[in-house]
1. Within the stretch 57-68, which residues are modelled with pLDDT of 60 or more and surrounded by 10 or more Cβ atoms within 10 Å (Cβ to Cβ)?
2. Tell me, which residue of the stretch 69-90 that is among the polar types (S, T, N, Q) and loosely packed, with under 14 Cβ neighbours inside 10 Å is nearest to A40 (Cα to Cα)?
3. Considering only the stretch 36-56, state which residues are at pLDDT below 95 and assigned to a loop (DSSP other than H, G, I, E, B).
4. Six or more apart or on different chains, Cβ under 7 Å: which pairs go from a residue in the stretch 74-90 that's within 13 Å of M23 (Cβ to Cβ) to one that's assigned to a loop (DSSP other than H, G, I, E, B) and within 11 Å of the ligand (Cβ to nearest atom)? Could you list them?
5. Take the residues in the stretch 1-10 that are within 17 Å of V69 (Cβ to Cβ) and touching a strand residue (DSSP E or B) at 6+ places or on another chain (Cβ under 9 Å), then tell me which one is nearest to the ligand (Cβ to nearest atom).
6. Are there any pairs with C-beta distances below 7 angstrom linking a residue in the stretch 23-41 that is free of Cβ contacts under 8 Å to residues at least 60 places away in the same chain to a residue that is of a type in the set (K, R), with the two at least 6 apart or on different chains, and if so which?
7. With the requirement that a residue be more than 18 Å from P86 (Cα to Cα) and among the polar types (S, T, N, Q), what does the stretch 1-50 give you?
8. Give the residues of the stretch 18-43 that are under 18 Å from E68 (Cβ atoms), more than 9 Å from the chain's Cα centre (by Cα) and not hydroxyl-bearing (S, T, Y), sorted by residue number.
Amino acid sequence: MEGLKNMMEDAVEYQLRKILPTMPNVCSCEKCRLDMAAYALNRLSPQYVRTDAGALYQKLNNSSQQAEVEVLTTVVAAVETISSHPKHDS
Ligand SMILES: [Zn+2]
């Protein structure tokens, strides 16, 4: 939707970028990365913010250590699930 952004997409993408390079046996092609992101985003609560000047304030307000741990845990589960059932030939 115009003017709205789900901050959780950025958080999931950030964690994927961080952990995939540490897992050389996991396929990190575009298809798998998108499957992993979709898996994680379907299990995490969306964090919609306005994309105008108020967005940064809300982002800072919403971020907490516990939320970050939850995102990381879910992204790790996504990587494990998708990498054991990649939706393409290896
Ligand atoms: Zn792949």
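1. Selection gives S63, A67, E68.
2. Restricting to residues being among the polar types (S, T, N, Q) and loosely packed, with under 14 Cβ neighbours inside 10 Å, the top hit is T81.
3. Those that are at pLDDT below 95 and assigned to a loop (DSSP other than H, G, I, E, B): S45, P46, Q47, T51, D52, A53.
4. Short answer, once both residue conditions are applied: V79/V26; S83/V26; S83/C27.
5. M8
6. K31/K87; D35/K87
7. Matches in the stretch 1-50: N6, Q15, T22, S45, Q47.
8. Scanning the stretch 18-43 gives K18, I19, L20, R43.
The values are calculated or read from the model by the stated rules, or taken from the named source; none is laboratory data. Remember, it's a predicted structure, so these values are computed and weren't measured experimentally. We place every Cβ from the backbone using ideal geometry, glycine too, and count neighbours over all the protein chains shown.
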